[in-house]
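The values are calculated or read from the model by the stated rules, or taken from the named source; none is laboratory data. Bear in mind that the values here come from a model prediction, so they are computed numbers and not experimental data. For neighbour counting, all protein chains shown are included, and Cβ atoms are generated from backbone atoms with ideal geometry for every residue, glycine included. Keep in mind that these areas ignore ligands, DNA and RNA; they rest on the heavy atoms of the full protein, side chains included. Shrake-Rupley method; radii C 1.70, N 1.55, O 1.52, S 1.80 Å.
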Amino acid sequence: MTAFEQAVKTLKRNGYKTTGKRQRILELLYHSNKYMSAKEVQDRLKKMFPGISPDTIYRNLRTFVSLKVVEETELNGEKLFRATCDVHGHHHHFICTSCGETRELDCPMSFFQDQLPGYDVHSHRFELFGECSKCLQKDQYK
Ligand SMILES: [Zn+2]
Ligand SMILES: [Zn+2]
Ligand SMILES: [Zn+2]
């Protein structure tokens, strides 16, 4: 079963109908290795669903986050969403601020644990933001 099929199953198990729009939003996220804003999701789907409202998209994205099939982060006050990818082990992300592409990073927690002898860290968040090599190359040829 693919990660996408698994996500659809999670939705069904929680009593959510996987209707056209909802399924398409999820599919788009699962077929892109990147973070997207609700606006970008709307742009990508408006050919298929010309009348789709930002509210509909946002509501569905919130549902996906609550079911943990989608992860969210925030950049410059804007919420960004991507398919949950922790299924293949705990890791972190480098996120390109130009194109949203993400790259997996190993967890750096052992580095911090060494600096907190006798402490118990309950949770952590770790993300790097910058420009990916493709975007940097594009910039050069502008
Ligand atoms: Zn990931
Ligand atoms: Zn990029
Ligand atoms: Zn970690």
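For the reader, a short list of remarks on this structure follows.
- Taking (1) in contact with a Phe, Trp or Tyr (Cβ under 9 Å, 6 or more places away or on another chain); (2) surrounded by 14 or more Cβ atoms within 10 Å (Cβ to Cβ) in turn, residue 131 satisfies each apart from (1).
- Of all residues in the range 106-117, at least one satisfies being within 16 Å of ligand 1 (Cβ to nearest atom), at pLDDT below 95 and open to solvent by 70 Å² or more (accessible area, probe 1.4 Å).
- Qualifying residue in the range 114-130 (condition: charged (D, E, K, R), more than 10 Å from ligand 3 (Cβ to nearest atom) and within 14 Å of the chain's Cα centre (by Cα)): yes
- Set 89, 100, 77, 118: member being at positive phi and touching a strand residue (DSSP E or B) at 6+ places or on another chain (Cβ under 7 Å): 100
- Test for residue 90: is it in contact with a Cys (Cβ under 8 Å, 6 or more places away or on another chain) and open to solvent by 80 Å² or more (accessible area, probe 1.4 Å): yes
- Residue 77 vs. criteria modelled with pLDDT of 95 or more and surrounded by fewer than 12 Cβ atoms within 10 Å (Cβ to Cβ): no
- From the options 56, 97, residue that is touching a residue at least 12 places away in the same chain (Cβ under 8 Å), surrounded by 12 or more Cβ atoms within 10 Å (Cβ to Cβ) and closer than 17 Å to residue 28 by Cβ: 56
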